[in-house]
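Asker: Below: one structure in structure tokens.
The values are calculated or read from the model by the stated rules, or taken from the named source; none is laboratory data. In this text, all values refer to a predicted model and were calculated from it rather than measured experimentally. Every residue, glycine as well, gets a Cβ built from its backbone with ideal geometry; the counts of neighbours run over all protein chains shown. Just so you know, the surface numbers come from the protein's heavy atoms only, side chains and all, with ligands and any DNA or RNA stripped out. Shrake-Rupley method; radii C 1.70, N 1.55, O 1.52, S 1.80 Å.
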Amino acid sequence: MPDSPVQIPSIPLGKIIFFLVLLCVIVTGYGYALIEEIEILSRTGEQPVALKVRSVIPPFLFMMPAFFVLIFGLWQRLLGRFSNHRQQQGIMVIICCFPLFILAWWLYYWQLNNWLEDKGYTSCAWYTGATLGAPTIWLKASGYCIEEGYPVRTELLDWLETQRQQGVTPTVEEFKLHQEKIFTQYQRKYSL
């Protein structure tokens, strides 16, 4: 039996175009984030002091078919070729993508942690953000993870990245001195 079009309530053309553009921007942004994440992980050969690793980015690749299904569905709706059968297929693809993503994320997180620990890195909970998508901060030596550095962790990580770009690897003592300097400025600024 041929797939017949389904009568569905009309959606304004502006909304369809808006969501098409939004989904395309999300997919493009993800592509850039994935490239950046691969670049960060490839730096382990240089042995930098700090790595900002977002373990959610590579496994999110398993959610891309769901985004493509949504884009395709909106495109079909825009062209007036929307059908009930295609909608059901699309929903099944979207439903299947999510558990695959969760499983891949768990496996990738576990493997990544083991790999970074084998490379000599330790995770620093004080510098890692509290949100789900925040990068985990991995440091070359546990001495770089200083609890008092939490309020100025962004400045410290930026300083470490600047040092890496200049080809300098600061010692733990240099790092602690810089952390104390930034922390003192922070306390003066906010009168703590």
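Asker: Sort out which residues of the range 130-144 are within 16 Å of residue 170 (Cβ to Cβ), open to solvent by 40 Å² or more (accessible area, probe 1.4 Å) and part of a loop (DSSP other than H, G, I, E, B), and write them in order of number.
Answerer: Within the range 130-144, 140 is the sole residue that qualifies.
Asker: Follow-up question, since we're still on this one. Report yes if residue 55 is out of contact with any strand residue (DSSP E or B) (no Cβ under 7 Å at 6 or more places or on another chain) and either within 25 Å of residue 119 (Cα to Cα) or part of a helix (DSSP H, G or I) (or both), otherwise no.
Answerer: Working: out of contact with any strand residue (DSSP E or B) (no Cβ under 7 Å at 6 or more places or on another chain): no; either within 25 Å of residue 119 (Cα to Cα) or part of a helix (DSSP H, G or I) (or both): yes.
No: the conditions fail for residue 55.
Asker: So, one more: Go through (1) open to solvent by 70 Å² or more (accessible area, probe 1.4 Å); (2) farther than 20 Å from residue 30 by Cβ one by one and return the number of the condition residue 116 breaks.
Answerer: The failed condition is (1).
Asker: Let me ask something else. Is it the case that residue 37 is open to solvent by 70 Å² or more (accessible area, probe 1.4 Å), under 30 Å from residue 172 (Cα atoms) and touching a helix residue (DSSP H, G or I) at 6+ places or on another chain (Cβ under 8 Å)? Let's see the steps before the verdict.
Answerer: Numbers: open to solvent by 70 Å² or more (accessible area, probe 1.4 Å): no; under 30 Å from residue 172 (Cα atoms): yes; touching a helix residue (DSSP H, G or I) at 6+ places or on another chain (Cβ under 8 Å): yes.
In short, no.
Asker: Can you tell me how many residues in the range 144-191 are in contact with a helix residue (DSSP H, G or I) (Cβ under 7 Å, 6 or more places away or on another chain) and among the charged types (D, E, K, R)?
Answerer: 2
Asker: Going by what's in this entry, would residue 121 be described as touching a residue at least 40 places away in the same chain (Cβ under 8 Å) and buried (at least 17 other Cβ atoms within 10 Å of the Cβ)?
Answerer: Against the criterion (touching a residue at least 40 places away in the same chain (Cβ under 8 Å) and buried (at least 17 other Cβ atoms within 10 Å of the Cβ)), residue 121 qualifies.
Asker: Select from the range 137-156 the residues that are touching a Lys or Arg at 6+ places or on another chain (Cβ under 7 Å) and modelled with pLDDT of 85 or more and list them in ascending order.
Answerer: 137, the sole residue that qualifies.
Here's the yes/no breakdown for (1) of a type in the set (D, E, K, R); (2) assigned to a helix (DSSP H, G or I); (3) in contact (Cβ under 8 Å) with a residue 40 or more places away in the chain:
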residue: 24; (1), (2), (3): no, yes, yes
residue: 28; (1), (2), (3): no, yes, no
residue: 39; (1), (2), (3): yes, yes, no
residue: 70; (1), (2), (3): no, yes, yes
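Asker: Out of (1) assigned to a loop (DSSP other than H, G, I, E, B); (2) open to solvent by 30 Å² or more (accessible area, probe 1.4 Å); (3) of a type in the set (Phe, Trp, Tyr), what's the single condition that is false for residue 127?
Answerer: All conditions pass for residue 127, except number (2).
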